Amino acid sequence: MTIGFLAWFYPWTKAFHIISMVAWMAGMLYLPRLYVYHCDVPRGSLESERFKVMERRLLRQIINPAMIATFAFGIMLVLTPGILDWSAGWWHVKLAGIVLLSGFHGMLSRWRRDFLEDRNTRPQRFYRIANEVPTLLMVVIIIMVVVRPF
Ligand code: HEM
C-alpha cells in the first residue's frame with residue numbers, strides 16, 4: 001500500500017527522517033556513557049542526583065521524541081510510491097537492525113529506572129560494552145540503506 005501525494009514530499013520526508021535519526025542515535029550513544037560515569041559516584045550523592053536529572057531529560061526530551069519522529073518519517077517513506085521494494089535483502093537487514101535498536105532503546109529506559117531507584121548492580125564495564133551496540137547497529141543500517149549490497 002502507498003499514498004500518492006507523499007511522492008511530492010519525498011525529499012523533505014527523507015531529509016527529516018535523517019535529521020530525526022541523527023538525534024535518536026546521538027542520544028542512544030550518549031546515555032550509556034552517562035551510565036558509565038554514574039557507576040562511579042556514591043548513591044545518594046549530589047553527583048548521582050544530577051546524573052538522574054540528565055538521564056531523565058536526555059531520554060524524555062531527546063531520545064523518545066527522536067525515535068517517534070524517525071519512525072513517523074520512515075513509515076511515510078515506506079508509504080511513498082516507488083520507494084521501497086519489500087523483497088530487497090538490504091531492507092530486511094535494515095528492518096532487523098531497527099527492531100534491535102528499538103529493543104536497545106527499551107533496555108536504556110529500564111537501566112535508567114534502576115539508577116533512578118538506586119538499585120543498579122551492573123558494573124561500569126557492562127555499560128562500556130553496551131555503548132558499542134547502537135554504534136554497530138547504526139553502521140550496519142546506514143550501509144544497508146545507502147550501499148544496498150543485496
Ligand atoms: C524506524 C524505522 C525506519 C523506517 C520505517 C525506515 C525507512 C526508510 C525508507 C523507506 C527509506 C527510503 C529509502 C529511499 O529513499 O529509497 C529510508 C532512508 C534512510 N534511512 Fe531509514 N528507516 C527507519 C529507521 C532508520 C534508522 C534507525 C536509520 C539509521 C540508524 C535510518 C537511516 C536511513 C538513511 C541514512 C536513509 C537515506 C538513504 C539514502 O538517501 O540513500 N533509518 N529509511
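The values are calculated or read from the model by the stated rules, or taken from the named source; none is laboratory data. The structure displayed is predicted, hence computed values, not measured ones. Counting neighbours? That spans all protein chains shown, and the Cβs are built from the backbone with ideal geometry, glycine included. All accessible areas refer to the heavy atoms of the entire protein, side chains included, with ligands and DNA or RNA removed. Shrake-Rupley method; radii C 1.70, N 1.55, O 1.52, S 1.80 Å.
Got a sec? Which of LEU59, LEU34 is touching a Lys or Arg at 6+ places or on another chain (Cβ under 7 Å) and in contact (Cβ under 8 Å) with a residue 12 or more places away in the chain?
Of LEU59, LEU34, the one residue that is touching a Lys or Arg at 6+ places or on another chain (Cβ under 7 Å) and in contact (Cβ under 8 Å) with a residue 12 or more places away in the chain is LEU59.
Condition (residue is open to solvent by 70 Å² or more (accessible area, probe 1.4 Å) and within 28 Å of PHE9 (Cβ to Cβ)) applied to region 116-126: is it met by at least one residue?
Within region 116-126, not a single residue is open to solvent by 70 Å² or more (accessible area, probe 1.4 Å) and within 28 Å of PHE9 (Cβ to Cβ).
Can you tell me which residue within region 105-115, out of those that are without any contact (Cβ under 8 Å) to a residue 60 or more places away in the chain and open to solvent by less than 70 Å² (accessible area, probe 1.4 Å), is nearest to GLU47 (Cα to Cα)?
Checked region 105-115; the qualifying residue nearest to GLU47 (Cα to Cα) is ASP114.
Can you name the residue in region 42-60 that is open to solvent by less than 30 Å² (accessible area, probe 1.4 Å) and closer than 15 Å to ARG119 by Cβ and, of all such residues, is nearest to the chain's Cα centre (by Cα)?
Top of the filtered list is GLU55.
Could you run through region 82-104 and say how many residues are in a loop (DSSP other than H, G, I, E, B) and either within 9 Å of the ligand (Cβ to nearest atom) or open to solvent by 50 Å² or more (accessible area, probe 1.4 Å) (or both)?
The total comes to 6.
Would you mention how many residues in region 1-41 are open to solvent by 40 Å² or more (accessible area, probe 1.4 Å), among the hydroxyl-bearing types (Ser, Thr, Tyr) and over 18 Å from ILE83 (Cβ atoms)?
2
Just to be sure before I move on: is THR70 of a type outside the set (A, V, I, L, M, F, W, C), surrounded by 15 or more Cβ atoms within 10 Å (Cβ to Cβ) and within 15 Å of the ligand (Cβ to nearest atom) in the structure I sent?
Details: of a type outside the set (A, V, I, L, M, F, W, C): yes; surrounded by 15 or more Cβ atoms within 10 Å (Cβ to Cβ): yes; within 15 Å of the ligand (Cβ to nearest atom): yes.
Yes; evaluated as a whole, the condition is true for this residue.
Exactly one of (1) within 16 Å of the ligand (Cβ to nearest atom); (2) under 22 Å from PRO123 (Cβ atoms) is unmet by ILE19. Its number?
The one condition ILE19 does not meet is (2).
Quick one: in region 37-56, of everything that is free of Cβ contacts under 8 Å to residues at least 40 places away in the same chain and part of a loop (DSSP other than H, G, I, E, B), which residue is nearest to GLY103 (Cα to Cα)?
Among those residues, the one meeting the criterion is VAL41.
Table: residues versus (1) modelled with pLDDT of 95 or more; (2) among the hydrophobic types (A, V, I, L, M, F, W, C).
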residue: ASN64; (1), (2): yes, no
residue: ILE68; (1), (2): yes, yes
residue: ALA72; (1), (2): yes, yes
residue: GLY82; (1), (2): no, no
residue: ASP85; (1), (2): no, no
